Amino acid sequence: FSVHMVQHVLLTLVAAPLIALGAPITTVLRAASPAVRRDLLLPILHSRAMRVLAFPVVAWLVFAGVMWGSHFSPLFEAALEDPLVHDLEHALYLGAGLLFWWPAVGLDPGPWRMPHPVRAMYVFLQMPQNTFLAITILNAPAVLYPHYASVVRDWPPSPLEDQQIAGGIMWLGGDILFLVALGAILAGWMRHEQRGAVAADRRVDAERAAIREREARLAARVAGDRESR
């Protein structure tokens, strides 16, 4: 279970945000033919269903719901017994992760754009639910999944200890990765503010230059009028 947990953390908290940072939608749109882009991709991206799924509150709830629902439903045990269900579970984790990280760190244009302070809060609020889920697994008094309890092996840790290690990986590893993401969002916020300040300074300089130019033209006109008199 502990090794399995590493997989899930990598899928949801490492692979998903890195893919979002790679602008996959823009890449697919550029690579697709005009007909595919016009008839298939753009209608999907502009559909009402996509707008609903990409809405930050919905994406946040879907990610949290997938994490809790998969760990405390028959899905997890079924994934351990059936390779196809296992692959579908991983696809669900990656898909929910992409949906969650898209509004926060994605470089692709989306139907909903959040300002940097809201992005930081959006990611920060996901961290407690990850911690609560991890603590629930860590403190479970018995093995949660019969598959692990039925595996016979001659080396430690025991199935319950392995489950506790898995909870610790989700807790510590997840919190660290969320904090790294928060740091990246805050750094992006600072760069955005700096670019805004530079642009504002340039606008002010341009306006001052225009004022000085108008004053110079006015002074030249007044001087010309005086000479003509």
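The values are calculated or read from the model by the stated rules, or taken from the named source; none is laboratory data. Predicted model, so just to flag it, every value in this text is computed and none were measured. Methodologically, a virtual Cβ is constructed for each residue, glycine included, from the backbone with ideal geometry; neighbour enumeration extends over all protein chains shown. All accessible areas refer to the heavy atoms of the entire protein, side chains included, with ligands and DNA or RNA removed. Shrake-Rupley method; radii C 1.70, N 1.55, O 1.52, S 1.80 Å.
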Fill in the blank from the handout: Charge tally for neighbours of H147 with beta carbon under 15 Å away, counting Lys, Arg as +1 and Asp, Glu as -1, is -4
Exercise for the section: Just grab the label-to-label distance for H46 and M121, each label 7 Å out from Cα along the Cβ direction, in nm (one decimal). Expected result: 3.2
Problem - Mean ellipticity per residue at 222 nm, deg cm²/dmol - from DSSP H runs of n ≥ 4 across the chain, formula -39500 (n - 2.57) - result: -24500 deg cm²/dmol
Practice task
Compute the signed sum of charges (Lys and Arg +1, Asp and Glu -1) over the other residues within less than 14 Å, Cβ to Cβ, of P159.
Solution key: -3
Problem - Separation of the W189 and Q7 label points, Cα + 7 Å toward Cβ, nm - result: 3.6
Completion exercise
Under the 7 Å Cα-to-Cβ spin-label approximation, S150 and L61 lie apart by a distance in nanometres of 3.6
Handout entry: Accessible carbon and sulfur surface of the chain relative to its total accessible area, %, 1.4 Å
Key = 69
Problem - Unit charges on C-beta of K, R, D, E only; dipole of the chain, Debye - result: 1760
Problem - Relative contact order computed over the chain (Cα-Cα under 8 Å; 6+ residues apart), in percent - result: 28
Handout entry: Interatomic Cα distance distribution for the stretch 1-119, bins of 5 angstrom, percent
Key = 2, 11, 17, 21, 18, 14, 10, 5, 1, 0
Problem - Computed over the stretch 60-134, the ratio Rg/Rh where both radii use C-alpha atoms and Rh is Kirkwood - result: 1.05
Problem - At R0 = 45 Å, FRET efficiency that the Cβ-Cβ distance of F72 and R203 yields, to 0.05 - result: 0.25
Handout entry: For the stretch 37-83 versus the stretch 121-183, the gap between their alpha-carbon centres in whole angstrom
Key = 22
Practice task
Would you work out the charge dipole size for the stretch 23-139 about its Cα centre, treating the Cβ of every Lys and Arg as +1 and the Cβ of every Asp and Glu as -1, and quote it to the nearest 20 debye?
Solution key: 800
Completion exercise
For the chain, whose charge dipole is built from +1 on Lys and Arg Cβ atoms and -1 on Asp and Glu Cβ atoms, the candidate among G95, I176, G110 with its Cα farthest towards the positive end is G110
Practice task
Report the charge-dipole magnitude of the stretch 1-83 in Debye, nearest 20, computed about the Cα centre from +1 at each Lys and Arg Cβ and -1 at each Asp and Glu Cβ.
Solution key: 600
Handout entry: Pairs of Cα atoms farther than 23 Å apart, the chain, %
Key = 61
Fill in the blank from the handout: Membrane-span-like helices (DSSP H runs, Cα span along own axis at least 27 Å, mean Kyte-Doolittle at least 0.5) in the chain -> 83-105, 116-138
Practice task
Write down the accessible area per residue of the stretch 35-90 in Å², having rolled a 1.4 Å probe over the full set of protein chains.
Solution key: 59
